[in-house]
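Peer 1: Have a look at the structure that comes next, please.
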Amino acid sequence: MTNNQSTSPLNELFRYINLIYSRRYLFFGTAILVTILVAAFVYSLPKKYEADSTVFIEESVINDLVKGLAVAPDMNHRIRVLKYALTSRELITKVLKDLDSNIFTRSKSEQQEYISTLQDRTKIMVRGKKDLFTISIVDPDPKFAQEFVNTLVSKYVEENISSKRTETYGANRFLKEQIALFKKKLDKAENAIITFRKQKGVYFSRDEATLLDEIRQYKNDIENIKLDLATLEARIKRLRAQLKTISPMVDIFTGARGENTLALLEHKLATMLMKYTENYPEVIRLKAQIEELKSKQRENGKKGGGERREKTSSMTSVNPLYQQVQQQIFEAEVEASSLKAKKKNLEKRIQERETLLREVPETRKKLAVLIQERDSVRKIYQELLGRLAQSEVSKQMEISDKAATFRIIDPALYPEVPVSPDMRKLLPMALALGLFCGFGLVYLLDMLDSTLKSPHQLEAMGVNPLAVIPTIADPGEIENRGRLKDLALFCVVVLFYGAYLVLIIAEFLDLDPATMISALLSR
């Protein structure tokens, strides 16, 4: 079973080969006829030629040097305009007139239709970094295709340069006119302000918006001061509560304890001198306590006859912690007083600004309006002066052709090989189509033929043949006749497909097929 399945495709292939061989005259006759008809149809198609030209948009290095000083058209804008300008009806009409086209001898409708077809057939392709583009057209007349593309590109480049210069000169002239106009307006506004000041005796103008901003700022400062005062009051309240829990006086011991107390006070004094000066109240107080303890110790030493005694004596003194809390309360109260004074001063300023705001005279308002109008005219006038300077630089660049220019780097050449019909593709397709039609016809006839051609067909149907009656004929006559037919068929097939192969090779080598065949025959 496996062997039959593996050999079935091969058997099928041999069956098709036998089928073609059995009907070889029909197969090759049909294939040759279809190939000839298709090839003749392909050669009857009108030939079309393509001409193209490559243009490079060259930007000058001066553009980078004068960047911001001169106005140069954007490259993307130029490319976008170029696609529409090259295929515009006006430009194509000018090109046809330069070529002395006979289309203008026809009716208006025919002219419009012809120009529309030219617009559709004119292709523009941008390449590279949008600085290289190709213009092409396909036309039955190769000379017209070449001349049309070259004239179209030359015409566009010429008109582009002319239009850029006209535009630059027009912009320069417009700016000069506007500058003169706004100069008169500015002088008029200045004279109006001077006249108004002299008539009304007003030589300054208070800005109401400034007053409102100042009042708003002062009110914000007062709100911040209120927050700081609330914080200070809470701090003072907390310090006073803490002060009630601290004793204002402490006992100071002499003798053995006095020595220890003296050492502690001296250490504290040394620590405070690192942060404060000797005039600081706490430093003065500590020095007084130390001197008092030292005098006590000297008196005790005299009474004891120079002997050390363990007896101690005590005295009272101000509590340092109590004084420190008092000092913090004092500082907080001073800061609170300062903030209250500042708040009062800001409230006074707010009242003054509100008074000024209510008392702004009508004349000052009019003066502010006049000044605002003068400033607006002056701003526009200064901008126009800057634009005029840019326009002057741009004009000089256009005069010297220093801006971006269009350069034709590859003009259209005379197209000698047609682009349509493509014989390199169509001729092999015609050959394949002929063989396919020949095989299809043979296969179709075989499918329609229901006669028995071999005993194997009966065996495949499950019928065993009893006998086979052979065809009785003269073997020699049949053999000679078959050989002559096969020889004739072989010669026809070899000559036809050999000539057809030469034809295909000639098309691939861009040679004239008739010339190539005659050269081969002459050899």
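Please treat every number below as a calculation from the coordinates, not as lab data. Remember, it's a predicted structure, so these values are computed and weren't measured experimentally. Positions of Cβ are generated from backbone atoms using ideal geometry, with glycine treated the same way; all protein chains shown enter the neighbour counts.
Peer 1: Can you tell me which of 491-498, 280-287 comes out highest on packing, and rank the rest after it, using the mean Cβ neighbours within 10 Å? Walk me through the intermediate numbers first.
Peer 2: Numbers: 491-498: 12.9, 280-287: 14.4.
Peptide ranking by packing, descending: 280-287, 491-498.
Peer 1: For the ranges 209-217, 424-432, 31-39, what's the packing order if you count other beta-carbon atoms within 10 Å of each residue, average per peptide, and put the highest first? Could you put the intermediate results ahead of the total?
Peer 2: On the way: 209-217: 13.2, 424-432: 16.2, 31-39: 18.2.
Top of the packing list down: 31-39, 424-432, 209-217.
Peer 1: How much length is gained if the chain between residue 372 and residue 16 is pulled fully straight, taking 0.36 nm per residue apart and subtracting their Cα-Cα distance, in nm to one decimal?
Peer 2: On the way: separation 356, 0.36 × 356 = 128.16 nm, distance 10.06 nm.
Taking residue 372 through residue 16 to full extension adds about 118.1 nm, to one decimal.
Peer 1: Report the extension gain between residue 244 and residue 499 in nm, rounded to one decimal, defined as 0.36 nm multiplied by the number of residues separating them, less their alpha carbon distance.
Peer 2: On the way: separation 255, 0.36 × 255 = 91.80 nm, distance 12.94 nm.
The residue 244-residue 499 span can extend by a further 78.9 nm.
Peer 1: Would you mind computing, in nm to one decimal, how far apart the modelled labels at residue 352 and residue 235 are, each placed 7 Å from Cα along Cα→Cβ?
Peer 2: 2.9 nm
Peer 1: Could I ask something else about it? What distance in nm separates the simple spin-label points at residue 490 and residue 221, each placed 7 Å from Cα in the Cβ direction?
Peer 2: 12.2 nm
Peer 1: Calculate, for residue 117 and residue 85, the FRET efficiency according to 1/(1 + (r/R0)^6) with r their C-beta to C-beta distance and R0 25 Å; round to the nearest 0.05. Each step should come with its number before you reach the end.
Peer 2: Details: r = 19 Å, r/R0 = 0.75.
Calculated transfer efficiency: 0.85.
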